[in-house]
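One structure is given here, and the rest of the page talks about it.
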Protein chains: 2
Amino acid sequence: MSGYELHRVIDESIGNFWSESFGQIYPTLKQLQAKGLVSASEGARLGSKVYSLTELGRFRFREWLGLPAQPQVVRNELLLKLFFGNHADSETVCQQVTQERHRFEADLAHYAGIEARLKADYGGHPGMPYWLMTVNYGKAEAVALIGWCDETLKQIKTLAAKPAEAVR
Amino acid sequence: MSGYELHRVIDESIGNFWSESFGQIYPTLKQLQAKGLVSASEGARLGSKVYSLTELGRFRFREWLGLPAQPQVVRNELLLKLFFGNHADSETVCQQVTQERHRFEADLAHYAGIEARLKADYGGHPGMPYWLMTVNYGKAEAVALIGWCDETLKQIKTLAAKPAEAVR
DNA sequence: TAGCACATGTAATAAGTTACATGATTTT
DNA sequence: AAAATCATGTAACTTATTACATGTGCTA
């Protein structure tokens, strides 16, 4: 597909856990072409290009699938702020946690939408079971962290009510 | 504290969800000093500096605590590979998921260690309840995702056994 | 014909890691 | 005396986003 199309498809399919900008996509496609991993042909419009994996590219792709996935470096601003929670008033901290809870709720709704659209548009596709597994990852995470938000909000309120007991 | 100490303390306290390298720490301390948010004084060693928050710095810090936490852009290589699971054999995919499961188990053990050390070394500290909340976040996430790993591994094995039924 | 979606690409900027260079102090 | 730890700092590099510049082709 074209770089433009690639961008849209990435957003729509794996947007929950991956993203690429045009500034990455276009230069990378050129590099991949230089390495012989993709080939370009004329698109429908003037100046547009349609890329396909070469045989070498497909081989390298499968090779990559077997390489152990590297975990990314996590930077969680909510937790950073929560860590210093005793320097803020409890309302401020609750606001932060509540906002995160809303975010996870929105994620869940989003996942439900994706799942429905996926099943409606691509029923029977061999990739489907794997696509749903990635959605389930997000769901499992969101459900667990909504539970954490609720528990944490309760704890913060308890702390605010009886600050003397909090330190025990 | 000194830049060096800051690096160590960050690793030991909030290392689960935040990290800073020397290449960030030293230039940033200088910038903070230029802005009047921290002040530097002579350390115990020749050439070493000990930084403290100024009153303005402490004010800005509290201000920052109230600003809504921004979620970071997630890039999950495991899910990216899993998404293309139908292009690999099921053993390869299982390996990836199993590796992730090991990672989460290791995280859990790590959190247990942190919690024990925290309670032993800083019992009664007013920050403790908040510190434990950040640990609990990691625990909740890890437990949920270990569950997802188990469920996913089961599904992949089912797919491998009856590929024809998989797509339904 | 105006506006939107399609389409490519580069430059400026941001954010951060790694490696290197250097040296003091403490511990073994 | 050697090794480890404490300590500062810079330069090179990597990775990625955002904004900008430019233009095509369809549709209301």
Region A:36-58, subset modelled with pLDDT of 95 or more and assigned to a loop (DSSP other than H, G, I, E, B), residue nearest to DNA strand C (Cβ to nearest atom):
A:Ser48
Please work out if A:Val93 is closer than 30 Å to B:Met133 by Cα and exposed (fewer than 12 other Cβ atoms within 10 Å of the Cβ).
no
Across region A:12-24, which residue is farthest from the other protein chains (Cβ to nearest Cβ) among those that are of a type outside the set (A, V, I, L, M, F, W, C) and over 14 Å from A:Trp131 (Cα atoms)?
A:Gly23
Any hit, region B:141-151, residues being closer than 22 Å to A:Gly85 by Cβ and either at pLDDT 95 or above or under 20 Å from the mean Cα position of the chain (by Cα) (or both)
yes
Condition test on A:Leu79, is it within 16 Å of DNA strand C (Cβ to nearest atom), part of a helix (DSSP H, G or I) and touching a Ser or Thr at 6+ places or on another chain (Cβ under 7 Å)?
yes
Among the residues of region A:1-14, the number that are surrounded by 15 or more Cβ atoms within 10 Å (Cβ to Cβ) and either of a type outside the set (Ser, Thr, Tyr) or more than 12 Å from DNA strand D (Cβ to nearest atom) (or both) is 6
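Would you mention how many residues in region A:56-80 are among the charged types (D, E, K, R) and facing chain B (nearest Cβ under 7 Å)?
Residues that pass the stated criteria total 3.
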Between a residue in region B:27-55 that is more than 14 Å from chain A (Cβ to nearest Cβ) and any residue that is within 11 Å of DNA strand C (Cβ to nearest atom) and part of a helix (DSSP H, G or I), which pairs come within a Cβ distance under 8 Å, given they are 6 or more apart or on different chains?
B:Ser48/B:Tyr4
Name every residue in region A:16-47 that is within 11 Å of DNA strand D (Cβ to nearest atom) and either surrounded by 14 or more Cβ atoms within 10 Å (Cβ to Cβ) or within 21 Å of B:Gly85 (Cβ to Cβ) (or both), in order of residue number.
A:Trp18, A:Ser19, A:Glu20, A:Ile25, A:Tyr26, A:Thr28, A:Gly43
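The values are calculated or read from the model by the stated rules, or taken from the named source; none is laboratory data. Because the structure is predicted, anything quoted here is derived from the model rather than measured. Positions of Cβ are backbone-derived with ideal geometry, glycine not excepted, and every protein chain shown enters the neighbour counts.
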